[in-house]
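Here, each number is a calculation from the coordinates, and none is a lab measurement. Note that the structure is a prediction, hence the values are computed from the model and not measured. Here the Cβ positions follow ideal geometry from the backbone for every residue, glycine too, while neighbour counts run over all protein chains shown.
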Amino acid sequence: MTFMIKKSILMTILLAALTCGVYPGVVWVIGQLVFHSKANGSIIVKNGMPIGSLLIAQGFTKPEYFHPRNSAAGDKGFDGSNSGATNFSLTNKKYQDALLMNIKKVLAENPQIKEGQIPPDMVATSASGLDPHISILNAKLQTERIARARGVGGEKIRDLIDSKMSPKTIIGDGFVNVLELNISLDEKFPINIGRAK
């Protein structure tokens with residue numbers, strides 16, 4: 001009996017050392033050596049300051065920027081500590097009212113868009129509330145507003161979208177990362193300093 005107890009204690013210590021120390025340590029070292037940026041949250045640094053992560057959406061609202069998907073994460077959206085969706089069904093009145101409000105907002109910000117052209121990701125929230133990507137159609141429908149706000153041709157904005165597009169997949173036509181697009185906008189087509197981000 002004493003032998004079995006000692007053996008059990010020894011096995012528990014050994015497994016704890018392996019699963020709580022050795023294994024996480026090996027994974028951490030591999031992550032730092034092989035996938036350094038991804039292992040550290042895909043943080044984008046400009047002038048020595050972190051400005052965001054490619055993995056978490058930010059609430060861009062100015063006309064000169066690509067706008068992300070709507071967010072229900074937290075009270076005001078885009079709260080990284082409170083990720084989640086509304087969990088409303090399609091027949092829920094609050095969901096339908098929010099959808100109608102988002103459609104009106106999109107049409108007001110982008111007058112060239114007709115109501116039937118709006119893709120779902122332009123007006124509906126993502127499951128996490130922090131999805132950093134939008135569809136190619138969503139991005140291209142925002143082109144005219146951004147081009148006008150930045151004083152450049154729409155073709156240049158569309159070329160930028162194409163250059164940042166993910167590969168097409170079986171289930172979709174690809175997507176773009178909003179933060180990455182907006183950083184490229186500032187680099188290639190800067191706006192007046194007086195206009196805040």
Exercise for the section: Multiply the residue separation of L55 and R148 by 0.36 nm, subtract the distance between their alpha-carbon atoms, and state the gained length in nm to one decimal. Expected result: 30.6 nm
Practice task
Give the order of I136, I113 when sorted by the count of other beta carbons within 10 angstrom, beginning with the fewest.
Solution key: I113, I136
Completion exercise
Taking a crude spin-label model, label points 7 Å out from Cα along the C-beta direction, the K156 to W28 distance in nm is 4.7
Completion exercise
In terms of the alpha carbon gyration tensor, root eigenvalues a ≥ b ≥ c, rounded if a/c is under 1.5 and otherwise prolate when a/b exceeds b/c or oblate, region 41-188 is oblate
Handout entry: Mean Cα-pair separation over length for the chain, i.e. relative contact order, pairs under 8 Å, 6 or more apart, %
Key = 20
Problem - Only Lys, Arg (+1) and Asp, Glu (-1) charged, at Cβ; the chain dipole about Cα centre in debye - result: 200
Practice task
Can you tell me the order of 47-53, 137-143, 102-108 when each peptide is scored by its average per-residue count of other Cβ atoms within 10 angstrom, highest first?
Solution key: 137-143, 102-108, 47-53
Fill in the blank from the handout: Plugging the Cβ-Cβ distance of D173 and N47 into 1/(1 + (r/R0)^6) at R0 = 30 Å yields, to the nearest 0.05, a FRET efficiency of 0.30
Problem - Ranked packing of 148-159, 7-18, most packed first, by mean Cβ within 10 Å - result: 148-159, 7-18
Practice task
Name the residue farthest towards the positive end of the dipole of the chain from the options M49, L18, N87, assuming +1 on Cβ of Lys and Arg, -1 on Cβ of Asp and Glu, about the Cα centre.
Solution key: L18
Handout entry: Fully extended contour minus Cα-Cα distance, from D75 to Q117, at 0.36 nm per residue
Key = 12.2 nm
Exercise for the section: Run down the aspartates and glutamates and flag those whose C-alpha is under 16 Å from the C-alpha of K46, throwing out any fewer than 8 positions away in its chain. Expected result: E180, D186, E187
Practice task
Label region 1-105 by shape, choosing from rounded, prolate and oblate, from the square roots a ≥ b ≥ c of the eigenvalues of the Cα gyration tensor; if a/c is under 1.5 it is rounded, and otherwise prolate applies when a/b is larger than b/c, oblate when it is not.
Solution key: oblate
